[in-house]
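To start, the structure under review is shown below, and the notes come after it.
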Amino acid sequence: MQQIALDIGLPTVPTLAGFWPGSNADALSHLRLWAESAGIATRAPVPTYLWGDSGSGKTHLLKAVQEALHAQRSLCGFLDACDRNPPAFDERWDCVLMDNVQLYDAGQQHTAFNWFVNALTPSDARPRWVVAAGSLPPADLNLREDLRTRLGWGHIFHLQVPNEAERRAVLRQAADARGLFLGDEVMDFMLNRFSRDLGSLMELLEKLDQYALRTQRALTIPLVRAMLESE
């Protein structure tokens with residue numbers, strides 16, 4: 001049966017609390033220790049690198065760290081592979097976040113190296129936290145050597161893609177948090193007919209929740225089909 005990659009708009013804001021730990025509990029605990037405790041701007045954190053396959057939660061965790069730091073009124077630099085004109089390092093930042101590093105072109109690698117150096121050895125003598133993520137371990141990244149070795153220095157976590165049971169648990173938890181009853185038939189339908197990437201499934205659940213509220217209907221397979229027909 002062909003699975004559908006559904007374009008359903010913007011997801012909810014990622015949070016560390018909303019990340020299902022599963023096999024990635026150590027990485028989550030590490031990030032929460034640094035991102036959710038007060039005083040990050042006064043410490044000298046060691047860089048952190050997250051790697052794993054698509055759907056393992058790398059981008060969710062980076063954006064969740066950004067949200068957690070924003071809650072403490074901390075500013076972050078964020079560099080993704082789609083950013084073609086990234087800004088220069090800003091000394092107001094308390095953290096530097098880099099996503100999809102395996103896709104960086106020469107210009108982005110230059111920016112990433114510059115951010116890394118300024119974060120770890122800043123002119124104001126206040127080191128910043130660097131958190132980066134990619135699909136490969138540092139040793140396998142096809143990047144300039146000085147950047148690759150810096151990404152490999154510090155805490156490294158290999159994120160695992162949630163298995164079937166974990167995906168079901170995440171969906172159930174997210175539905176319960178919304179006060180939405182997610183029956184086994186609907187969950188089976190979602191897992192069998194749509195992308196099994198957890199991020200896509202969570203976005204689908206958000207869209208279904210909005211559609212159910214708008215139409216005042218229970219979450220059923222006919223409702224899922226009706227939503228698709230309305231798109």
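Ellipsoid fit via the Cα gyration tensor, the stretch 148-205: semi-axes of 31, 13, 10 Å, each the root of five times an eigenvalue, largest first.
Remark: the stretch 181-188, residue by residue, has Karplus-estimated 3J(HN,Hα) of 7, 10, x, 4, 5, 5, 5, 4 Hz, where x stands for each Gly or Pro and the curve is 6.51 cos²θ - 1.76 cosθ + 1.60 at θ = phi - 60°.
For the options THR15, THR48, THR149, a Gaussian network treatment of the chain with springs between C-alpha atoms closer than 10 Å singles out THR149 as fluctuating the most. Relative to the Cα centre, the charge distribution of the stretch 143-198, modelled as +1 at Lys and Arg Cβ and -1 at Asp and Glu Cβ, gives a dipole magnitude of about 240 debye.
Binning the C-alpha pair distances of the chain at 5 Å intervals from 0 yields a P(r) profile of 1, 6, 14, 17, 16, 14, 11, 9, 6, 4, 1, 0, 0 %, listed from the shortest bin outward.
Counted by Cβ distance under 12 Å from PHE78, the other residues give a net charge of -4, where Lys and Arg count +1 and Asp and Glu count -1. Normalising by residue count, the stretch 73-167 has a Cα convex hull of 126 Å³ per residue.
Each residue was assigned an accessible area with a 1.4 Å probe, and for SER37 the value is about 40 Å². Evaluated with a Cβ-only charge set (Lys, Arg +1; Asp, Glu -1), the chain carries a dipole of roughly 340 debye about its Cα centre, given to the nearest 20. Please work out whether the stretch 60-109 counts as rounded, prolate or oblate from its C-alpha gyration tensor, where a ≥ b ≥ c are the square roots of the eigenvalues and a/c under 1.5 means rounded, while otherwise a/b larger than b/c means prolate and anything else oblate? Because a/c hits 1.5 or more and a/b fails to exceed b/c, the stretch 60-109 counts as oblate. Computed with a 1.4 Å probe over protein heavy atoms only, the accessible surface of the stretch 92-231 comes to 47 Å² per residue. As a fraction of the 1.4 Å probe accessible area of the chain, surface on carbon and sulfur atoms comes out at 52 percent. Considering only SER230, LEU147, ALA35, and ranking their Cα positions along the charge dipole of the chain that arises from unit charges at the beta-carbon of Lys, Arg, Asp and Glu, the one farthest toward the positive end is ALA35. Under the combined filter of DSSP loop state and at most 15 neighbouring Cβ atoms within 10 Å, the stretch 79-159 retains these trypsin sites (Lys or Arg not before Pro): ARG84, ARG92, ARG144.
Each residue of the stretch 214-219 is assigned a 3J(HN,Hα), and the resulting list reads 5, 9, 6, 10, 6, 7 Hz, derived from the Karplus form 6.51 cos²θ - 1.76 cosθ + 1.60 (θ = phi - 60°), x at Gly and Pro.
The values are calculated or read from the model by the stated rules, or taken from the named source; none is laboratory data. This structure is a prediction, so every number in the text was calculated from the model and none was measured. Cβ atoms come from the backbone with ideal geometry, glycine included; neighbour counts cover every protein chain shown. These area figures cover heavy atoms from the full protein model, side chains too; ligands, DNA and RNA do not enter into them. Shrake-Rupley method; radii C 1.70, N 1.55, O 1.52, S 1.80 Å.
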